[in-house]
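Enquirer: Below is one structure. I have some questions about it.
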Amino acid sequence: MSNELIAIIGGTGLTEYDGLDVIKKQDVKTSLGALASPLVFGTLHGKNVVFLARHGQPHAVAPHKVNYRANILALKEAGVSQIVAVNAVGGITNKMVANAICIPDQIIDYTHGRLDTFFDGEYKALDHIDFSFPYDYGLSEKLVAASKISNVMIEKGGVYGATQGPRLETAAEIQRMERDGCDIVGMTGMPEAVLARELNIPYACLALVVNPAAGKSSELITMNDIRRVIETGMHDVKSIISAYLRSV
């Protein structure tokens, strides 16, 4: 078995990871605060894995209240070599229909007021990082290859628009985001991605489209509809992760 430790961060619809052979659960409090849920260490397909429920277990912490800095710091201190982040998102462009899975390659940050850097002049000295390409190319390509192995259709590339939440967006906001070039919209893509970059952890995203974004359907968006998509779509997400783990 490889000694590498691979992190999986689960969001809405993935608050625990069935099939993980759990070795231990560790409640962690970092110098930047506590995590909303334990780090769950185990093995999956012969690989060392740590799973973290981003919103807690049960799902309770709002997107703008997640302690992203503590989460990423805890994973760094645990010794992870890479992070696969799973996000539930809304679909903006035509290809991003319900149940589509996108592996984005760009992000636009519309959030505000979040603690979004380690280099704040307090925790760490002020520094600037290159964030031109926010997702790790090599890891993203491996997930694309894993999707082919698992026979799961994905959308390769796309722009993730990260909004504040927890409310869903207005139709006008989605129209603006589409003009900006966004393909999908979610609430947790930032600052998670930049924090991983600041700590030099390769980070990639598997985004499951669970609903059409506001104004993209004549129907109102309901949580019941979202839950139905999650039930089927997360199976495909986990199939990709399984194929990836078997390949590394």
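Enquirer: Can you confirm whether GLU192 is over 28 Å from SER247 (Cβ atoms) and touching a residue at least 40 places away in the same chain (Cβ under 8 Å)? Walk me through it before giving the result.
Expert: Working: over 28 Å from SER247 (Cβ atoms): no; touching a residue at least 40 places away in the same chain (Cβ under 8 Å): yes.
Criteria not met by GLU192.
Condition check ((1) assigned to a strand (DSSP E or B); (2) of a type in the set (A, V, I, L, M); (3) touching a helix residue (DSSP H, G or I) at 6+ places or on another chain (Cβ under 9 Å)) across all residues:
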| residue | (1), (2), (3) |
| --- | --- |
| PRO58 | no, no, no |
| ASN71 | no, no, yes |
| ALA74 | no, yes, no |
| GLU77 | no, no, no |
| VAL84 | yes, yes, yes |
| VAL89 | yes, yes, no |
| ASN94 | no, no, no |
| CYS102 | yes, no, no |
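Enquirer: Looking at this structure, is GLY186 surrounded by 24 or more Cβ atoms within 10 Å (Cβ to Cβ) and either under 16 Å from the mean Cα position of the chain (by Cα) or hydroxyl-bearing (Ser, Thr, Tyr) (or both)?
Expert: On the way: surrounded by 24 or more Cβ atoms within 10 Å (Cβ to Cβ): yes; either under 16 Å from the mean Cα position of the chain (by Cα) or hydroxyl-bearing (Ser, Thr, Tyr) (or both): yes.
So GLY186 fits the description; yes.
Enquirer: Please go through the stretch 118-162 and pick out each residue that is loosely packed, with under 14 Cβ neighbours inside 10 Å and among the polar types (S, T, N, Q).
Expert: Scanning the stretch 118-162 gives SER132, ASN151.
Enquirer: Further, regarding this structure: If we keep just the residues of the stretch 203-248 that are of a type in the set (Asp, Glu) and in a helix (DSSP H, G or I), which is farthest from LEU139 (Cα to Cα)? Walk me through it before giving the result.
Expert: In the first step, residues of the stretch 203-248 are kept if they are of a type in the set (Asp, Glu); the result is 219, 225, 231, 236.
Going one step further and asking which of them are in a helix (DSSP H, G or I), we end up with 225, 231, 236.
Numbers: ASP225: 31, GLU231: 26, ASP236: 18 Å.
For the stretch 203-248, the residue satisfying everything is ASP225.
Enquirer: Show the residue pairs meeting these rules: Cβ distance below 7 Å; 6+ apart or different chains; first residue within the stretch 176-188 and modelled with pLDDT of 95 or more; second residue part of a helix (DSSP H, G or I).
Expert: VAL185/ILE174; VAL185/MET177; MET187/PRO63; THR188/PRO63
Enquirer: Test of understanding: among LEU115, LEU126, LEU139, LEU168, which residue is part of a helix (DSSP H, G or I) and of a type outside the set (Gly, Ala, Ser)? Can you show your working first?
Expert: Numbers: LEU115 fails: part of a helix (DSSP H, G or I); LEU126 fails: part of a helix (DSSP H, G or I); LEU168 fails: part of a helix (DSSP H, G or I).
Checking each option against the conditions leaves just LEU139.
Quick grid of which residues meet (1) touching an Asp or Glu at 6+ places or on another chain (Cβ under 8 Å); (2) crowded, with 17+ Cβ neighbours inside 10 Å; (3) aromatic (Phe, Trp, Tyr):
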site	(1), (2), (3)
ASP18	no, no, no
PHE41	no, yes, yes
VAL50	no, yes, no
GLY79	no, no, no
GLN82	yes, yes, no
CYS102	yes, yes, no
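Enquirer: Answer yes or no as to whether ASN200 is without any contact (Cβ under 8 Å) to a residue 60 or more places away in the chain, within 30 Å of LEU73 (Cβ to Cβ) and exposed (fewer than 14 other Cβ atoms within 10 Å of the Cβ).
Expert: Details: without any contact (Cβ under 8 Å) to a residue 60 or more places away in the chain: yes; within 30 Å of LEU73 (Cβ to Cβ): yes; exposed (fewer than 14 other Cβ atoms within 10 Å of the Cβ): yes.
So ASN200 fits the description; yes.
Enquirer: Can you name every residue in the stretch 5-28 that is assigned to a loop (DSSP other than H, G, I, E, B), under 14 Å from GLY42 (Cβ atoms) and either over 17 Å from the mean Cα position of the chain (by Cα) or at pLDDT 90 or above (or both)? Explain how you work it out, then say what you get.
Expert: The initial filter retains those residues of the stretch 5-28 that are assigned to a loop (DSSP other than H, G, I, E, B), namely 11-20, 27-28.
Remaining after also requiring under 14 Å from GLY42 (Cβ atoms): 16-20.
Across the stretch 5-28, the qualifying residues are TYR17, ASP18, GLY19, LEU20.
Enquirer: Sticking with this structure for a sec: Note down all Cβ pairs under 6 Å where the first residue falls in the stretch 26-46 and is without any contact (Cβ under 8 Å) to a residue 60 or more places away in the chain, the second is charged (D, E, K, R) and surrounded by fewer than 16 Cβ atoms within 10 Å (Cβ to Cβ), and they're at least six residues apart or on different chains.
Expert: Pairs found: PRO38/LYS25; PRO38/ASP27; VAL40/LYS25; PHE41/LYS24; GLY42/ASP21; THR43/ASP21.
The values are calculated or read from the model by the stated rules, or taken from the named source; none is laboratory data. All values reported here derive from a predicted model rather than from experimental measurement. Cβ: placed from backbone, ideal geometry, glycine included. Neighbour counts: every protein chain shown.
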